[in-house]
Amino acid sequence: MIEDIISDAKSRMLKSIDSLTSEMSKIRTGRAHPSLLEQVKVSYYGAETPLNQVANINVVDARMLGVTAFDKSSVPDIEKAIMNANLGLNPVTTGDLIRVPLPPLTEERRKELIKVVRAEAEKARVAIRNIRRDANSSCKELVKEKMISEDDEHKAEDRIQKLTDENIATVDKNLEQKEAEMLEI
(Lines give C-alpha, C1' and ligand atoms only; values in the text may rest on other atoms or scores of the structure.)
Protein backbone atom coordinates (compact mmCIF):
# COMPACT_ATOMS: atom_id res chain seq x y z
CA MET A 1 0.00 0.00 0.00
CA ILE A 2 2.55 2.56 1.14
CA GLU A 3 5.00 1.52 -1.57
CA ASP A 4 2.31 2.08 -4.21
CA ILE A 5 1.60 5.57 -2.90
CA ILE A 6 5.29 6.48 -2.81
CA SER A 7 6.06 5.06 -6.27
CA ASP A 8 3.04 6.91 -7.71
CA ALA A 9 4.22 10.17 -6.08
CA LYS A 10 7.74 9.59 -7.39
CA SER A 11 6.59 9.03 -10.98
CA ARG A 12 4.27 12.07 -10.86
CA MET A 13 7.10 14.26 -9.49
CA LEU A 14 9.42 13.07 -12.27
CA LYS A 15 6.74 13.99 -14.82
CA SER A 16 6.61 17.50 -13.31
CA ILE A 17 10.38 17.84 -13.70
CA ASP A 18 10.21 16.54 -17.30
CA SER A 19 7.51 19.10 -18.03
CA LEU A 20 9.67 21.87 -16.56
CA THR A 21 12.66 20.75 -18.64
CA SER A 22 10.51 20.77 -21.76
CA GLU A 23 9.17 24.27 -21.04
CA MET A 24 12.65 25.60 -20.30
CA SER A 25 14.03 24.21 -23.56
CA LYS A 26 11.50 26.35 -25.46
CA ILE A 27 12.78 29.56 -23.87
CA ARG A 28 15.41 31.25 -25.98
CA THR A 29 18.90 31.62 -24.57
CA GLY A 30 20.68 33.20 -27.51
CA ARG A 31 21.86 29.86 -28.88
CA ALA A 32 20.15 28.27 -31.84
CA HIS A 33 18.14 25.18 -30.99
CA PRO A 34 15.41 23.53 -33.11
CA SER A 35 13.01 23.46 -30.12
CA LEU A 36 12.71 27.27 -30.41
CA LEU A 37 10.43 26.76 -33.39
CA GLU A 38 8.45 23.82 -31.95
CA GLN A 39 5.35 25.83 -31.08
CA VAL A 40 5.19 27.53 -34.53
CA LYS A 41 2.07 26.51 -36.45
CA VAL A 42 1.95 26.83 -40.25
CA SER A 43 -1.25 27.24 -42.25
CA TYR A 44 -0.72 24.26 -44.54
CA TYR A 45 -3.55 23.56 -46.97
CA GLY A 46 -6.01 25.25 -44.63
CA ALA A 47 -4.96 23.34 -41.49
CA GLU A 48 -2.79 24.65 -38.65
CA THR A 49 0.16 22.23 -38.74
CA PRO A 50 3.24 22.17 -36.46
CA LEU A 51 6.32 23.46 -38.31
CA ASN A 52 8.30 20.26 -37.70
CA GLN A 53 5.65 18.33 -39.70
CA VAL A 54 6.03 20.48 -42.83
CA ALA A 55 9.75 21.22 -42.70
CA ASN A 56 13.10 20.03 -41.43
CA ILE A 57 14.62 22.31 -38.76
CA ASN A 58 18.38 22.20 -38.19
CA VAL A 59 21.11 24.30 -36.60
CA VAL A 60 23.30 26.07 -39.17
CA ASP A 61 25.58 27.65 -36.56
CA ALA A 62 25.38 28.94 -32.98
CA ARG A 63 23.12 31.86 -33.93
CA MET A 64 21.21 30.56 -36.94
CA LEU A 65 18.58 27.94 -37.68
CA GLY A 66 17.88 26.50 -41.11
CA VAL A 67 14.37 25.45 -42.11
CA THR A 68 13.96 23.30 -45.23
CA ALA A 69 10.37 22.82 -46.39
CA PHE A 70 9.27 19.37 -47.52
CA ASP A 71 6.94 21.04 -50.04
CA LYS A 72 8.55 24.02 -51.83
CA SER A 73 5.15 25.70 -52.32
CA SER A 74 4.79 26.08 -48.54
CA VAL A 75 7.96 28.21 -48.11
CA PRO A 76 6.07 31.58 -48.02
CA ASP A 77 3.58 30.15 -45.47
CA ILE A 78 6.41 28.90 -43.26
CA GLU A 79 8.21 32.24 -43.44
CA LYS A 80 4.99 34.07 -42.53
CA ALA A 81 4.29 31.67 -39.63
CA ILE A 82 7.78 32.21 -38.15
CA MET A 83 7.36 36.00 -38.37
CA ASN A 84 3.89 35.87 -36.78
CA ALA A 85 4.95 33.49 -33.98
CA ASN A 86 5.92 36.45 -31.74
CA LEU A 87 9.44 35.12 -31.19
CA GLY A 88 11.20 38.26 -32.43
CA LEU A 89 12.70 36.35 -35.37
CA ASN A 90 12.97 37.56 -38.98
CA PRO A 91 13.47 34.67 -41.42
CA VAL A 92 15.43 35.16 -44.66
CA THR A 93 14.51 32.96 -47.62
CA THR A 94 17.13 31.81 -50.10
CA GLY A 95 15.47 29.47 -52.57
CA ASP A 96 14.01 26.56 -50.60
CA LEU A 97 16.11 27.20 -47.46
CA ILE A 98 14.75 29.58 -44.86
CA ARG A 99 17.50 30.97 -42.63
CA VAL A 100 16.40 32.17 -39.22
CA PRO A 101 19.10 34.34 -37.61
CA LEU A 102 18.80 34.73 -33.85
CA PRO A 103 19.47 38.31 -32.79
CA PRO A 104 21.56 38.69 -29.63
CA LEU A 105 19.40 39.10 -26.53
CA THR A 106 19.35 42.52 -24.90
CA GLU A 107 19.91 42.79 -21.16
CA GLU A 108 16.26 43.82 -20.70
CA ARG A 109 14.99 40.81 -22.67
CA ARG A 110 17.28 38.47 -20.69
CA LYS A 111 15.77 39.74 -17.43
CA GLU A 112 12.24 39.24 -18.78
CA LEU A 113 13.09 35.69 -19.82
CA ILE A 114 14.63 34.95 -16.42
CA LYS A 115 11.33 36.00 -14.81
CA VAL A 116 9.51 33.58 -17.11
CA VAL A 117 11.95 30.78 -16.22
CA ARG A 118 11.53 31.46 -12.50
CA ALA A 119 7.74 31.37 -12.89
CA GLU A 120 7.99 27.99 -14.65
CA ALA A 121 10.22 26.67 -11.86
CA GLU A 122 7.74 27.88 -9.24
CA LYS A 123 4.90 26.09 -11.08
CA ALA A 124 6.96 22.88 -10.94
CA ARG A 125 7.63 23.34 -7.20
CA VAL A 126 3.91 23.88 -6.55
CA ALA A 127 3.05 20.77 -8.57
CA ILE A 128 5.55 18.71 -6.56
CA ARG A 129 4.14 20.03 -3.26
CA ASN A 130 0.61 19.19 -4.43
CA ILE A 131 1.74 15.65 -5.19
CA ARG A 132 3.23 15.45 -1.67
CA ARG A 133 -0.09 16.63 -0.21
CA ASP A 134 -2.01 14.00 -2.21
CA ALA A 135 0.35 11.23 -1.10
CA ASN A 136 0.14 12.29 2.56
CA SER A 137 -3.66 12.41 2.44
CA SER A 138 -3.67 8.89 0.92
CA CYS A 139 -1.59 7.72 3.90
CA LYS A 140 -4.03 9.38 6.32
CA GLU A 141 -6.90 7.55 4.59
CA LEU A 142 -5.12 4.22 5.14
CA VAL A 143 -4.77 5.05 8.86
CA LYS A 144 -8.49 5.94 9.09
CA GLU A 145 -9.38 2.64 7.47
CA LYS A 146 -7.01 0.93 9.94
CA MET A 147 -4.98 -0.61 7.11
CA ILE A 148 -1.68 0.80 8.45
CA SER A 149 -0.52 2.01 11.85
CA GLU A 150 0.25 5.63 12.74
CA ASP A 151 3.95 4.73 12.98
CA ASP A 152 3.85 3.45 9.39
CA GLU A 153 2.10 6.66 8.37
CA HIS A 154 4.85 8.81 9.94
CA LYS A 155 7.55 6.74 8.26
CA ALA A 156 5.77 7.08 4.91
CA GLU A 157 5.35 10.84 5.37
CA ASP A 158 9.08 11.14 6.13
CA ARG A 159 9.92 9.22 2.93
CA ILE A 160 7.50 11.36 0.92
CA GLN A 161 9.04 14.54 2.37
CA LYS A 162 12.53 13.32 1.49
CA LEU A 163 11.37 12.58 -2.07
CA THR A 164 9.80 16.05 -2.27
CA ASP A 165 13.00 17.72 -1.07
CA GLU A 166 15.08 15.83 -3.64
CA ASN A 167 12.77 16.82 -6.51
CA ILE A 168 12.58 20.47 -5.45
CA ALA A 169 16.39 20.50 -5.29
CA THR A 170 16.43 19.17 -8.88
CA VAL A 171 14.06 21.97 -9.95
CA ASP A 172 16.31 24.55 -8.25
CA LYS A 173 19.38 23.08 -9.97
CA ASN A 174 17.66 23.23 -13.38
CA LEU A 175 16.63 26.83 -12.71
CA GLU A 176 20.16 27.79 -11.72
CA GLN A 177 21.61 26.22 -14.89
CA LYS A 178 19.08 27.94 -17.14
CA GLU A 179 19.68 31.33 -15.50
CA ALA A 180 23.45 30.94 -15.93
CA GLU A 181 22.93 29.93 -19.56
CA MET A 182 20.73 32.98 -20.19
CA LEU A 183 23.13 35.44 -18.60
CA GLU A 184 25.98 34.13 -20.75
CA ILE A 185 26.79 36.56 -23.54
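The values are calculated or read from the model by the stated rules, or taken from the named source; none is laboratory data. Computed from a predicted structure; not experimentally measured. Glycine gets a Cβ as well: all are built from the backbone with ideal geometry, and neighbour counts include every protein chain shown.
Does THR106 satisfy the condition of being under 20 Å from LEU183 (Cα atoms), in contact with an Asp or Glu (Cβ under 6 Å, 6 or more places away or on another chain), modelled with pLDDT under 90 and of a type outside the set (Asp, Glu)? Walk me through how you get there before you give the answer.
On the way: under 20 Å from LEU183 (Cα atoms): yes; in contact with an Asp or Glu (Cβ under 6 Å, 6 or more places away or on another chain): no; modelled with pLDDT under 90: yes; of a type outside the set (Asp, Glu): yes.
Taking the combined requirement at face value, the residue does not satisfy it.
Kindly provide the set of residues from region 146-178 that are touching a residue at least 60 places away in the same chain (Cβ under 8 Å) and in contact with a Cys (Cβ under 9 Å, 6 or more places away or on another chain), ordered by number.
Residues satisfying the conditions are ILE148, ASP152, ALA156, ILE160.
Tell me which residues, restricted to region 17-70, are within 17 Å of ASN90 (Cα to Cα), in a strand (DSSP E or B) and out of contact with any strand residue (DSSP E or B) (no Cβ under 8 Å at 6 or more places or on another chain).
ASP61
Which residues, taken from region 84-130, are aliphatic (A, V, I, L, M), surrounded by 14 or more Cβ atoms within 10 Å (Cβ to Cβ), free of Cβ contacts under 8 Å to residues at least 60 places away in the same chain and not in a strand (DSSP E or B)?
Across region 84-130, the qualifying residues are ALA85, LEU87, LEU89.
Within region 123-139, is there a residue that is within 24 Å of LEU37 (Cβ to Cβ) and modelled with pLDDT of 85 or more? Spell out how you get there, then give the answer.
Within region 123-139, the first condition is being within 24 Å of LEU37 (Cβ to Cβ), and the residues that meet it are 123-124.
Add one more test, that the residue is modelled with pLDDT of 85 or more, and what stays is 123-124.
Checked region 123-139: at least one residue is within 24 Å of LEU37 (Cβ to Cβ) and modelled with pLDDT of 85 or more.
Give region 49-83 a look and list any residue that's in contact with a helix residue (DSSP H, G or I) (Cβ under 9 Å, 6 or more places away or on another chain) and among the charged types (D, E, K, R), or say none.
Scanning region 49-83 gives ASP71, ASP77.
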